[in-house]
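The values are calculated or read from the model by the stated rules, or taken from the named source; none is laboratory data. Note that this is a predicted model, so its numbers are computed, not measured. Cβ: placed from backbone, ideal geometry, glycine included. Neighbour counts: every protein chain shown. With ligands, DNA and RNA removed, areas are computed over all heavy atoms of the protein, side chains included. Shrake-Rupley method; radii C 1.70, N 1.55, O 1.52, S 1.80 Å.
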Amino acid sequence: MEFTILGRTGLEVSVAGLGCGGPSRLGLRANKTEKDAILLVRRAIDMGVNLIDTADVYGTEEVVGKALETVPRNRVVISTKRLPPLGYPDPAAELKCGLEQSLVRLKTDYVDIYHLHSVKREEYAVVLEKLVPALFQLRQEGKLRFLGITEAFREEFGHGMLQLALEDDFWDVMMVGFNILNQSARTRVFPKTLQKNIGVLVMFAVRRALSQPARLRHVWDELKAKGLVDAGAGAGEEPLNFLLRGAEASSIPDAAYRFCRYEPGVHAVLTGTGNPDHLRQNLDSLLKPPLSDAVTKRLKEIFANVDCVSGD
Ligand SMILES: NC(=O)c1ccc[n+]([C@@H]2O[C@H](COP(=O)([O-])OP(=O)(O)OC[C@H]3O[C@@H](n4cnc5c(N)ncnc54)[C@H](OP(=O)(O)O)[C@@H]3O)[C@@H](O)[C@H]2O)c1
């Protein structure tokens, strides 16, 4: 495994983080058992991953807690998240109570990164007023170490909320949607995160469109119909198949993870899976060298105007 410093947190994290949500939720959304999910987390740890991302709504905090029971606490960086209902009379109390419950499920006294989960642009002002003071207090109490925020990338493809959050100075970590299909974070998010030394975790590197050919075809046709991708690119073959020519990449997910890993401003890429073989392949991919300059340039050109899909 390779490690990097997660921006101003100073945390040393593996360049590959295990995402315990997404379509797989460690396999619990398919036919996997809790025992399988625990084994998957342990397998990731054995392969050198020290960054584990979960959330109360994923239903995987308990699995993570059980999987990490035997791992020294300072050997792992635990990231979790929640967004209490903002319309409740006291969302800050909900947030504090939610973190207490997460700590119990995770079997720990503190989380390293606590994110406000999937915040939309129109929610940001309320978050600022009602939840950020509670986060400061929880940090003072030692229940969380660093403040994070994640965007609602499935609905806000253009990083609207993060652009507001980037004006503030207290976010230590941001979870950002970025992939081959929607590279808009390159100009809208990463210049500022780099300037402020904010830790960046990439989500949606592969998701469904870059792991399921039929889904990729659907997204591709939609972008083509909107005139957002060069109509000649990939003509006569499956979209992005040029990535598989020669020795460039072993699969579309392989290319997709590597494309994200080497983007300036990205510290770690989250990979979500319930499949032990995929886990192994994805960690291998994230440790491979970057795609060639020519292919990276081509991918940047093809998708230069796209900011209307998440890749889900
Ligand atoms: N707003 C938010 O805060 C937010 C939103 C989304 C995600 N996240 C976080 O980001 C993490 C990463 O997102 P993600 O889980 O969507 O991860 P991802 O790695 O981008 O995509 C996961 C999907 O790709 C499939 N896949 C993975 N490796 C594959 C391979 N080698 N070959 C074929 N298919 C493959 C998985 O299915 P298999 O199980 O079959 O491998 C799953 O359907 C999440 O787990 C979560 O922790 C946060």
Discussion item. At 0.36 nm per residue, and after removing the present C-alpha to C-alpha distance, how many nm does the segment from ASP230 to TYR262 gain when stretched out fully?
Written reply: 9.1 nm
Item to complete: Enter the per residue convex hull volume of region 68-225, computed from alpha-carbon coordinates, in Å³ rounded to the nearest integer.
Response: 141
Practice prompt. Using the Cα centre as the reference, give the magnitude of the dipole from point charges on the C-beta atoms of region 89-188 (Lys, Arg: +1; Asp, Glu: -1; all else neutral), rounded to the nearest 20 debye.
Written response: 320
Worksheet entry | Calculated P(r) tail over 16 Å for region 14-70, as whole % of Cα pairs | 33
Practice prompt. Please tell me which of these pairs span more than 21 angstrom C-alpha to C-alpha: LYS81/LYS130; LYS32/LYS81; LYS81/LYS288; LYS107/LYS130; LYS120/LYS226?
Written response: LYS32/LYS81; LYS81/LYS288; LYS107/LYS130; LYS120/LYS226
Worksheet, complete the sentence: If each K or R counts +1 and each D or E counts -1, the residues other than LEU291 whose Cβ falls under 14 Å of its Cβ total +2
Practice prompt. Using a 10 angstrom cutoff on alpha carbons, build the Gaussian network for the chain and name the most mobile of GLY27, GLY87, GLY160.
Written response: GLY87
Discussion item. Mean-square fluctuation check for the chain, GNM, Cα pairs under 10 Å: which of ASN197, ASN275, ASN74 is largest?
Written reply: ASN74
Worksheet entry | Cα-centred dipole magnitude for the chain, charges only on beta-carbon of K, R (+1) and D, E (-1), debye, nearest 20 | 420
Worksheet item: Hey, if you put +1 on the Cβ of every Lys and Arg and -1 on every Asp and Glu Cβ in the chain, which of LEU287, LEU210, LEU26 ends up farthest toward the positive end of that dipole?
Response: LEU287
Fill in: region 42-131: GluC sites (Glu not before Pro) in DSSP loop, at most 14 other beta carbons within 10 Å
GLU69
Fill in: Stretchable slack from GLN140 to ARG43, in nm (0.36 nm times residue separation minus alpha-carbon distance)
31.6 nm
Fill in: Sequence-distant lysines (8 or more away, or on other chains) whose Cα lies within less than 26 Å of LYS224
LYS297, LYS300
Item to complete: Any chance you could check the Cα centroid distance between region 244-273 and region 134-171 for me, in angstrom?
Response: 25
Discussion item. Can you give the local net charge around LEU131? Use residues other than it whose beta-carbon is closer than 13 angstrom to its beta-carbon, Lys and Arg +1, Asp and Glu -1.
Written reply: 0
Worksheet item: How are the C-alpha pair distances of region 1-149 spread across 10 Å bins, as whole percents from the shortest bin up?
Response: 11, 41, 35, 13, 1
Practice prompt. Using a 1.4 angstrom probe, figure out how much accessible area the chain has per residue, in square angstrom, rounded to the nearest whole.
Written response: 42
Worksheet entry | With every protein chain in place, the chain: carbon and sulfur % of accessible area (1.4 Å) | 49
Worksheet item: Quick one: of the DSSP bridges fully inside the chain, what percent are antiparallel, nearest 5?
Response: 10
Worksheet item: So which trypsin sites (Lys or Arg not before Pro) in region 162-263 pass both tests, a DSSP loop state and at most 16 other Cβ atoms within 10 Å of the Cβ?
Response: LYS226, ARG245
Worksheet item: MET47: net charge of surrounding residues, Cβ under 11 Å, Lys/Arg +1, Asp/Glu -1, itself excluded?
Response: +1
Practice prompt. Would you kindly calculate the translational diffusion coefficient of the chain, applying Stokes-Einstein with the Kirkwood radius from alpha carbon pairs, for 37 °C and a viscosity of 0.692 mPa s, and quote it in µm² s⁻¹ without decimals?
Written response: 166
